[in-house]
Amino acid sequence: MPGNVNRPAGFSPFSQVSGIQGEKDAEVGRRLEQGLVADPAKRQQQIGNLQQQKDQDWELKLEQMKAADKEKSEAEISTISAFIKEVANEERERHGEMRQRATEIREEKLSADAKKEQRESIMGELAQPTSKPKQGFMIKLLKKGQGAMAESKGAQTKGGG
């Protein structure tokens, strides 16, 4: 403000207020300093117009900030949602693999138990005193074995004589 020696260059009484209202007032002050009208009535109207324009600018800026925040929030929610879905799918897959492995282990155990029971039943049968059919089977084997031995002795004598 040329001609005013009490204020340093660039000083504005409006720049001393803090916060958004302070920024708005400082902007109005700068605009007033650039083109003040001498007539007090017109000056008051000019101040009102500048204040209204600045309020509209700030409302627009605030709406833009809200829209940007909303987009950012939606993007973050989308990212988080995708991450949660991915983790849930991995957990489902892992759970399925665990269930499949548990089923395999159960089947292996059942198979091993069945083999053990089969082995025990065979061992039990072998441990029991032999019954007539088995005894007859053993006698037949022994007779066949003696007959085979006799034939081989006969073959040796025939071949040797």
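Throughout, read-outs are computed from the coordinates displayed, never taken from laboratory work. What you are looking at is a predicted structure, and each value in this text was computed from that prediction instead of being measured. Here the Cβ positions follow ideal geometry from the backbone for every residue, glycine too, while neighbour counts run over all protein chains shown.
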note = Simple spin-label estimate for L142/E104, 7 Å along Cα→Cβ, in nm, reads 5.2
ask   = Spin-label point model (7 Å from Cα, Cβ direction): what's the Q44 to Q128 distance in nm?
value = 12.3
